[in-house]
């Protein structure tokens with residue numbers, strides 16, 4: 001009887017082991033896993049998803065922001081992508097045109113997710129009726145500022161570009177490690193330089209591309225470049241800092257005012273609670289009365305090894321419950337239209353400027369209009385030329401002319417191919 005009982009126990013243990021189901025793992029690399037601005041939402045989302053889907057685990061792979069998109073493009077092009085792909089407006093068009101992404105329609109339809117639930121930017125991910133990315137965030141840029149610093153300097157919120165420049169000069173105190181504003185002033189990251197300078201170009205009412213044609217040499221573009229270079233030349237911005245280091249200065253009240261997305265305001269309140277009540281925001285006081293918005297998308301690699309599990313994840317992040325958490329946890333405007341902003345506005349009245357900008361028809365995508373499919377190449381041309389303007393003494397006029405020539409050549413090469 002003892003022998004039989006032992007054999008029965010072994011058999012039961014063997015059968016029990018055979019029925020254990022190991023969770024399927026989907027890989028999601030990204031800058032957000034180590035970025036203090038983003039990780040509160042993305043970490044909570046991953047936890048929510050795994051709780052709702054215990055048979056699926058998200059492998060969270062931190063990748064530095066400065067090299068993330070280059071690595072992701074290489075992985076996609078080589079046919080060895082991660083399961084989840086993270087994209088801004090610019091990357092989205094390139095990935096779609098190169099066939100890097102899996103259509104999401106079956107997964108979204110099954111979850112009852114419709115494009116009608118989202119604002120216009122969501123349609124940037126649609127080609128021939130197929131949806132290649134879920135729009136999760138739409139982040140317009142407005143002027144966020146520390147009102148207490150303006151009051152101490154006797155400065156009123158600027159109404160136009162002239163008042164803005166005068167305010168910058170009065171607010172700048174580099175000897176006290178206090179700067180007027182922040183532009184990206186470190187060489188070696190063309191995409192970050194593009195994002196920084198484009199805010200000013202859009203604010204002057206133009207862009208580097210309009211309807212597929214390069215417009216880098218427009219008078220308004222040149223004027224925006226002149227103003228941008230003036231900020232650098234007159235030391236109105238911290239120099240040589242990486243993007244996170246300069247951001248910390250604003251969160252600590254060491255940068256007075258900055259054209260920036262809404263997450264910065266939420267982080268000021270978290271990192272420097274005493275400064276939060278003094279934050280204010282307004283539309284950019286630039287002559288074009290316009291701004292830009294950076295939209296974030298997630299999708300699935302065409303060669304993903306775990307498409308069905310990844311499909312559940314991208315549908316889950318599009319739900320109202322998870323989209324509301326984007327607003328509540330990191331203070332960024334979600335892409336869905338049915339978000340409740342009541343609690344946010346009661347705590348952060350300055351957020352209204354971001355809602356207004358998101359709804360303003362003059363607010364355009366960060367992606368170059370009509371050149372979305374090769375946006376990454378446009379960013380490199382623009383970023384490299386602006387670096388030469390800031391760090392090598394090239395004039396704004398020569399910068400614009402050279403940029404225009406290179407962008408025209410880029411367009412011609414695309415047409416030829």
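Details
Listed here are the residues, each with its yes/no results for (1) assigned to a strand (DSSP E or B); (2) modelled with pLDDT of 95 or more; (3) touching a strand residue (DSSP E or B) at 6+ places or on another chain (Cβ under 9 Å); (4) crowded, with 21+ Cβ neighbours inside 10 Å.
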site: 220; (1), (2), (3), (4): no, yes, no, no
site: 224; (1), (2), (3), (4): no, yes, no, yes
site: 228; (1), (2), (3), (4): no, yes, no, yes
site: 237; (1), (2), (3), (4): no, yes, yes, yes
site: 245; (1), (2), (3), (4): no, no, no, no
site: 259; (1), (2), (3), (4): yes, yes, yes, yes
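- Qualifying residue in region 181-193 (condition: modelled with pLDDT of 95 or more, in a helix (DSSP H, G or I) and surrounded by 23 or more Cβ atoms within 10 Å (Cβ to Cβ)): yes
- Scan of region 148-173 for residues that are assigned to a helix (DSSP H, G or I) and either closer than 16 Å to residue 230 by Cα or outside the structural domain of residue 200 (by TED's automatic domain parsing) (or both), ordered by number: 161, 162, 163, 164, 165, 166, 167, 168, 169, 170, 171
- Helices (runs of 4 or more DSSP H) wholly inside region 345-417 that include at least 3 residues being in contact (Cβ under 8 Å) with a residue 40 or more places away in the chain and within 16 Å of residue 94 (Cβ to Cβ): 375-391, 396-416
- Flag if residue 287 is at pLDDT 95 or above, assigned by TED's automatic domain parsing to the domain that holds residue 170 and either part of a helix (DSSP H, G or I) or crowded, with 21+ Cβ neighbours inside 10 Å (or both): no
- So residue 201, is it more than 16 Å from residue 253 (Cβ to Cβ) and either part of a strand (DSSP E or B) or in the same structural domain as residue 388 (by TED's automatic domain parsing) (or both): yes
- Selected residue (only one of 364, 312 is surrounded by 17 or more Cβ atoms within 10 Å (Cβ to Cβ) and within 25 Å of residue 27 (Cα to Cα)): 312
- Test: residue in region 292-300 that is farther than 17 Å from residue 356 by Cβ, in contact (Cβ under 8 Å) with a residue 24 or more places away in the chain and not in a strand (DSSP E or B): no
- Residue count for region 110-133 under the criterion of being touching a helix residue (DSSP H, G or I) at 6+ places or on another chain (Cβ under 9 Å), free of Cβ contacts under 8 Å to residues at least 24 places away in the same chain and either outside any loop (DSSP other than H, G, I, E, B) or outside the structural domain of residue 311 (by TED's automatic domain parsing) (or both): the result is 3.
- Verdict on residue 79 being more than 22 Å from residue 318 (Cβ to Cβ) and in a loop (DSSP other than H, G, I, E, B): yes
- Subset of region 167-187 that is under 28 Å from residue 404 (Cα atoms) and without any contact (Cβ under 8 Å) to a residue 60 or more places away in the chain - its residue that is nearest to the chain's Cα centre (by Cα): 183
- Yes/no for residue 322 being assigned to a helix (DSSP H, G or I), in the same structural domain as residue 108 (by TED's automatic domain parsing) and either modelled with pLDDT of 95 or more or buried (at least 17 other Cβ atoms within 10 Å of the Cβ) (or both): yes
The values are calculated or read from the model by the stated rules, or taken from the named source; none is laboratory data. Worth saying up front: this structure is predicted, and the values here are computed from it rather than measured. Glycine also receives a Cβ, built like all others from the backbone with ideal geometry; neighbour counts cover every protein chain displayed.
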